[in-house]
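Please read the structure below before turning to the comments.
Here, each number is a calculation from the coordinates, and none is a lab measurement. Every value quoted in this text rests on a predicted model; they were computed, and no experiment measured them. Methodologically, a virtual Cβ is constructed for each residue, glycine included, from the backbone with ideal geometry; neighbour enumeration extends over all protein chains shown.
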Protein chains: 6
Amino acid sequence: MELASATWTEIAALETDLAVLPVGSTEQHGPHAPLGTDTIAAEAVAKAGVDRFSGEVVQAPTVPVGIAEEHRYFSGTMWVSPDTFRAYVRESVASLAAHGFDRVVLVNGHGGNVPALGEVAATISRHDEAYAVPFTWFDAIDTDVPMGHGGPLETALIRHLDPELIRDEQLEAAREEGADGWGEWVSATNLAHDSAEFSKNGVVGDPTAGDAELGEVLLERSGEALSTLLEAVSVRKRTRD
Amino acid sequence: MELASATWTEIAALETDLAVLPVGSTEQHGPHAPLGTDTIAAEAVAKAGVDRFSGEVVQAPTVPVGIAEEHRYFSGTMWVSPDTFRAYVRESVASLAAHGFDRVVLVNGHGGNVPALGEVAATISRHDEAYAVPFTWFDAIDTDVPMGHGGPLETALIRHLDPELIRDEQLEAAREEGADGWGEWVSATNLAHDSAEFSKNGVVGDPTAGDAELGEVLLERSGEALSTLLEAVSVRKRTRD
Amino acid sequence: MELASATWTEIAALETDLAVLPVGSTEQHGPHAPLGTDTIAAEAVAKAGVDRFSGEVVQAPTVPVGIAEEHRYFSGTMWVSPDTFRAYVRESVASLAAHGFDRVVLVNGHGGNVPALGEVAATISRHDEAYAVPFTWFDAIDTDVPMGHGGPLETALIRHLDPELIRDEQLEAAREEGADGWGEWVSATNLAHDSAEFSKNGVVGDPTAGDAELGEVLLERSGEALSTLLEAVSVRKRTRD
Amino acid sequence: MELASATWTEIAALETDLAVLPVGSTEQHGPHAPLGTDTIAAEAVAKAGVDRFSGEVVQAPTVPVGIAEEHRYFSGTMWVSPDTFRAYVRESVASLAAHGFDRVVLVNGHGGNVPALGEVAATISRHDEAYAVPFTWFDAIDTDVPMGHGGPLETALIRHLDPELIRDEQLEAAREEGADGWGEWVSATNLAHDSAEFSKNGVVGDPTAGDAELGEVLLERSGEALSTLLEAVSVRKRTRD
Amino acid sequence: MELASATWTEIAALETDLAVLPVGSTEQHGPHAPLGTDTIAAEAVAKAGVDRFSGEVVQAPTVPVGIAEEHRYFSGTMWVSPDTFRAYVRESVASLAAHGFDRVVLVNGHGGNVPALGEVAATISRHDEAYAVPFTWFDAIDTDVPMGHGGPLETALIRHLDPELIRDEQLEAAREEGADGWGEWVSATNLAHDSAEFSKNGVVGDPTAGDAELGEVLLERSGEALSTLLEAVSVRKRTRD
Amino acid sequence: MELASATWTEIAALETDLAVLPVGSTEQHGPHAPLGTDTIAAEAVAKAGVDRFSGEVVQAPTVPVGIAEEHRYFSGTMWVSPDTFRAYVRESVASLAAHGFDRVVLVNGHGGNVPALGEVAATISRHDEAYAVPFTWFDAIDTDVPMGHGGPLETALIRHLDPELIRDEQLEAAREEGADGWGEWVSATNLAHDSAEFSKNGVVGDPTAGDAELGEVLLERSGEALSTLLEAVSVRKRTRD
């Protein structure tokens, strides 16, 4: 059940302890994909997982701004510090738990959020009145297509969800000026802290390889993966139990 | 221009220093109105103001969870601490300013956010690289109808924006079990820190008095007020100048 | 009983859970009134209320520096950040509560402290071992005379309390170069974050309208209002009960 | 010049960069001396030093609550955490420095404040726009009488300043039930974190040995010492210069 | 040059801007390997890299306690919060940079430190006066042997460095009661926040497979990798340049 | 038992609640003594005390970087802020206490750490699940030789522990350019916040007066003193009991 559309009386009548908190980012995704790509993806995948799951799940509103300072040199990118991001997520989860929704999956759409979500989920589970785990959709699908950034996977998913958000006329340029891989590596260490250090237009990977059919498959698979995870979370012994 | 739907290249091409950051809340609004009422309202008013304004304005994505612990005893209400809220808003504004959008109106839909937004706007304007002011839509309209909570104004606005979100069959009960006024006052001091201390169902005011026609007027007026404010903000000497 | 003048053994012998914590500010009040105006007022009103109240109340020492950065451009104004102010008040109250004085009225003399006191009183009442409410003297009196800043009300009260603190020879100039109202308003939003943006000498309102007789009435009324509030606080169910 | 009694215009007319910030504590001083002993002492010594100094010095209002959790088991004792105390002092000094009073002596009346004042004075001097040093009156006088707590020195000083604040009828009991020394020492380490661990009534030392004549000498000597310090501070190269 | 053994005059005479800060952890490594395994490894690898590098490098003392709460159920494990760990590393690096050693490699021996080191290195490089990158030795070597925890790689390295630290008589039990893999995975999400949730004795992998010969190779390879990284860091454009 | 060399199973088998946490500093000690002097001393004294004590004591790894910004103008000196230092020590102690080692002596080698260790030991003992006291070796020995900085005592101790770490050829210069005393005192207040304000080469006192024989005596005496303290700590009522 989508929390924002429900009344408090409807939420109070639910008999579940499961919730999902979608977590996105507002950041550059090349000249062809919208700044809201990660937020749109996280929200859609969360809904797909909740819809597929047999039981009741509360879907909280999506966190729109995450950890994206690495894209600061591309206009429109928004970010907060990791500390603030973790606090915002942690306290949001605590407020859900106050109503009994204390098994929470953080459904994530942005690679830059991954380390902070891992940290905050552990902190919540060890020290607060809730159990939380992070789920990043593009890590949970079985595919040979590389992730990149504004690359084939994200372009495909957005095309399936809302085709007008992809600027077709920019795809070729996006590919040509994009980078082949993320970062600048020496001895397994990435020397680059900002995406502008290795990509001219912020793109990594080939977005022309991501059509709407692929996007449909991605949503299907990530929704399935999330549904499976919800099943496991619903019955698992909590860390502190 | 809606930031989340735009690409970074489109945002980079803008020639404006104006932005709006809508700020909502996910909290109980009685048995008849959705938990997302404040977020929906803030976002719609922001759009109405931006549309009416003659120049270009960047509309950032809406902050969905605010300061609402006062409604903690009504299910589904989400909140973060005032400290975390201020940090999230302050850093979001700083990231907009990093791209030159350094005159920012915080378009607010929730009374509980008002003191913290006043504080953070002053802090931003005095100490950061931006000028910010808060705008709360229901304070900026000229009307005799009292605000309440989940009362006539909010019910009217949501009805105009998305009629299905109001549960008509609950309106009568909402009115009957609601409170007449906010708080429990002695010597100009409110003794109640939580809404559950004075309202059985979380409602304050008479929601049956809020129809869609009133909602249309409210949107019109608050959009006009915001547009007027944007005009003033666009030319004003910044606090630190 | 004034805490600072008592011994610990005298305090230990009290049978009350009531305390007042006066909260002032050290900030410009025009060329005619002292920088300590708000502190003097808060302390005097607290005493007036405690004296009028039938039961025993502990009066803690007055917090002398508050939230006054808005007056930073007028010499001698002191301030701390809102975060530090809230922490100082919150922990002071916690130490009172450690001895059983866990129903605390924060008696405030400065408008700029109001939002922070509201926030910290709620935090204390919800999360600490005490119940606290803020009381701002000039909001609790019934009068047609406008508050202003260094205006008729404050000038009158100080004249009554300590006439030599008002510089009579500066009153005319104070009035002439003062502002008529607080702030610079567009669409119910104050564009000015600092008082120097709208007042040449820091004054708002007409201080010549504030004589000692009015001051006596103000002290009487605010003392009565505080006494009434103490009565209510002494018997009220605490927020967390 | 006492800041709280002056107007901003009078402060603006001063030509000095010197200020004193008295720092006290509200804490038990045995059954015979008031909880405000340290605050009263710090304020009086500050005034004595300023009066003796040949140049102009701004005297800020006294910080009334300090670091005194060690006395938590004696009723009426108030305290804030060291972090909050340091922040309150640091930001108060910064606001003085904003007006040009950037050579500040922290005139201290409480032993428990000493380590935190040393830390914050160094932090201010190295990282802020001011130079600050702490001065603790009882460390700066040449006397054979031991300090204790609520002992001969403090009792003497308060007797000189305001004789009625000392309960003569309690002096004998204060002495008898007091401790001879502060703490419980093994290998130069104090095993006791709270005064209640080694003193029945909170007293250390013999308060009957402190009469008003001694108090007059103490005020004279500490005022002289502070005046000498102000002279040195007024001409010294600042740490960061 | 090892910083702790050098005098300040010797350090002042160096002409380099390169430093390494080894970062370890004190945490369980099974019944056969010491709690200091990660610290010993980080320090040894740092030395190996510095020795192989052609230029001068300052080697700071090793941070002994890191992020290891995941092992809290195994005795002797020490940890600090991620916030404190990041602050300790960030400020340590800032103090090195104050002397001109502002290109710093964080040489890490513990998987649990990796996300926090990535975050703090980015923060340092973007906002402080230094450029920093993390290097985790077991991620930088080319081997088919799986890492585990207290598994073949760590056991081998410690055996090479200090054979007596490995309890040979415990190796068989360590293997038998250890886990095959790290965590409890569903949909690419690890449901376990603590190692005790999936390993009886804290071991992951087969420690019997790690002999001293392998350890020598590991040290050689990780030293080479670090030396190569130092070469790259010494000439790279800093993030903020 | 040295924690870092033990396995978790060995630590789990201990029957003691005693631990020592050595705390050092990496900071200039003149042209003749190593930057690691305080760390080496703290660790050695801790071991000497533990060895002399009749019961079992866990010796945690040594904190290598402390509060030493006062030496910032001498190359190689490392430091963290007092806040970070206290957090690192406090959380390290909490992790020891989680395993039952909740009587902890902080064995300190650096004067600059003393105030912060006093504060954090009190905070731990009052608010956490442990009892802690600080022990500073050079305050606990009975000697007429003055401490200084890099002076006779420290030079002697290091000479005894590891003679090669003292640069004999620098001793004469160290003495000649060193200061006679610490600081620049007026009215019992030190006007100097940095050691470079009063010592040319960072030395205070005469290091030529510190030979290895004296060092042996110092280690003997401080080890005895620590052993005596451990005995007292092992049986003492904890502050919160």
Cα long-axis angle, helix B:152-161 against chain B (0 to 90 degrees, to the nearest 10): 60
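Taking the mean number of other Cβ atoms within 10 Å as a proxy for protection, how do you rank C:99-107, E:172-180, D:52-60 from highest to lowest? Before the final figure, lay out each step's value.
Values: C:99-107: 24.8, E:172-180: 17.1, D:52-60: 18.8.
Highest-to-lowest ranking by the protection proxy: C:99-107, D:52-60, E:172-180.
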Centre separation in Å (Cα based) which lies between segment F:57-71 and segment C:96-118: 41
Share of alpha-carbon pairs per 5 Å distance bin for segment E:145-190, given as whole %: 5, 19, 24, 22, 14, 8, 6, 3, 0
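For a Förster distance of 56 Å, can you work out the FRET efficiency between the beta-carbons of E:Ala12 and B:Tyr73, rounded to the nearest 0.05? Working shown, then result.
On the way: r = 64 Å, r/R0 = 1.14.
Efficiency, from the Cβ-Cβ distance: 0.30.
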Quick one: what are the phi-derived ³J(HN,Hα) couplings along segment F:171-177, Karplus 6.51/-1.76/1.60 with θ = phi - 60°, whole Hz, x for glycine and proline? 4, 5, 5, 4, 5, 5, 8
Along the principal axes of its C-alpha atoms, what lengths does the protein assembly as shown span, in descending order and rounded to whole Å? 95, 88, 51
For chain F, find the longest principal axis of its Cα atoms and tell me its angle to the long axis of helix F:114-127, 0 to 90°, nearest 10. 10
As I understand it, the dipole of segment E:82-241 uses +1 on the Cβ of Lys and Arg and -1 on the Cβ of Asp and Glu, about the Cα centre. Which of E:Ala98, E:Ala188, E:Ala121 lies farthest toward its positive end? E:Ala98
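Kindly identify segment F:30-152 as rounded, prolate or oblate by the Cα gyration tensor criterion: order the square roots of the eigenvalues as a ≥ b ≥ c, call it rounded if a/c is under 1.5, otherwise compare a/b with b/c, prolate if a/b is larger, else oblate. Present the calculation step by step, with values, prior to reporting the outcome.
On the way: a/c = 1.97, a/b = 1.35, b/c = 1.46.
Judged from the Cα gyration tensor, segment F:30-152 comes out oblate (a/c at least 1.5, b/c at or above a/b).
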How shielded is A:110-118 by partner chains, expressed as the average number of their Cβ atoms within 10 Å of its Cβ atoms? 2
Ordered by residue, what ³J(HN,Hα) values in Hz, to whole numbers, does segment A:69-85 give under the Karplus form 6.51 cos²θ - 1.76 cosθ + 1.60, where θ = phi - 60° and Gly and Pro are x? 4, 4, 9, 4, 7, 10, 4, x, 4, 10, 7, 10, 5, x, 4, 5, 4
Please report the relative contact order for segment D:112-241, taking Cα pairs under 8 Å with a sequence separation of at least 6, and give it as a percent rounded to a whole number. 32
Per residue Cα convex hull volume in Å³ - calculated over chain C: 127
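Using Cα-Cα distances under 8 Å and only pairs 6 or more residues apart, what relative contact order does segment A:1-110 have, in percent?
Values: 200 pairs, mean separation 42.4, N = 110.
Contact order relative to length: 39 percent.
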The lysines whose Cα lies under 24 Å from the Cα of A:Lys237, excluding any fewer than 8 residues away in the same chain, are E:Lys200
Relative contact order of segment B:102-167, please, whole-number percent, based on alpha carbon pairs below 8 angstrom and at least 6 residues apart. 29
Which whole-Hz ³J(HN,Hα) couplings does segment B:21-35 yield from phi under the Karplus relation 6.51 cos²θ - 1.76 cosθ + 1.60, θ = phi - 60°, glycine and proline marked x? 10, x, 10, x, 6, 10, 7, 3, 10, x, x, 10, 10, x, 4
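Calculate for chain A the 222 nm mean residue ellipticity that helices alone would give, adding -39,500 (n - 2.57) per DSSP H run of length 4 or more and normalising by residue count, nearest 500 deg cm²/dmol. List each step's numbers first, then the result.
Numbers: 7 runs with 92 residues, N = 241.
Only helices count here, giving -12000 deg cm²/dmol.
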Using only Cα atoms and rounding to the nearest 10 degrees, what angle (0 to 90) does helix D:37-52 make with the longest principal axis of chain D? 40
Placed amide H near C:Asn108: partners under 5 Å, 5+ positions off or other chain: C:Val23, C:Phe135, C:Thr136, C:Trp137
Going highest first, how would you order A:114-121, B:9-16, A:211-218 by mean Cβ packing within 10 Å? A:114-121, A:211-218, B:9-16
Exercise: per-residue mean of other protein chain Cβ atoms within 10 Å, B:41-47: 0
May I ask what percent, to the nearest 5, of DSSP beta bridges between residues of chain F are antiparallel? 20
In terms of modelled amide H atoms, which long-range or inter-chain residues lie less than 5 Å from the amide H of A:Ala132? A:Val104, A:Ser125
Neighbour counts of other C-beta atoms within 10 Å: give me D:Val186, E:Val235 arranged from fewest to most. E:Val235, D:Val186
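Take the alpha carbon gyration tensor of segment E:182-224, find the square roots of its eigenvalues, order them as a ≥ b ≥ c, and report rounded if a/c is under 1.5; if not, report prolate when a/b exceeds b/c, else oblate.
Values: a/c = 3.68, a/b = 2.06, b/c = 1.79.
Taking the square roots of the gyration eigenvalues as a ≥ b ≥ c, segment E:182-224 is prolate.
If a/c stays under 1.5 just call it rounded; otherwise compare a/b with b/c (prolate if a/b is bigger, oblate if not). Do that for segment C:155-234, with a ≥ b ≥ c from the square roots of the Cα gyration tensor eigenvalues.
Taking the square roots of the gyration eigenvalues as a ≥ b ≥ c, segment C:155-234 is oblate.
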Taking segment B:100-241, the equivalent ellipsoid from its C-alpha gyration tensor has semi-axes in Å, biggest first, of 32, 21, 11
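Using only atoms on other chains, find how many Cβ atoms lie within 10 Å of each Cβ of peptide F:93-102 and report the average. Please report the intermediate quantities before stating the final value.
Details: counts 1, 4, 12, 3, 0, 7, 7, 1, 3, 0.
Other-chain Cβ atoms within 10 Å of each residue's Cβ, averaged: 4.
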For A:Gln59, the residues 5 or more places away or on another chain with a placed amide H closer than 5 Å to its own amide H are A:Glu2, A:Leu3, A:Val20
Peptides ranked, highest mean first, by Cβ atoms within 10 Å: ranges F:220-233, F:85-98: F:85-98, F:220-233
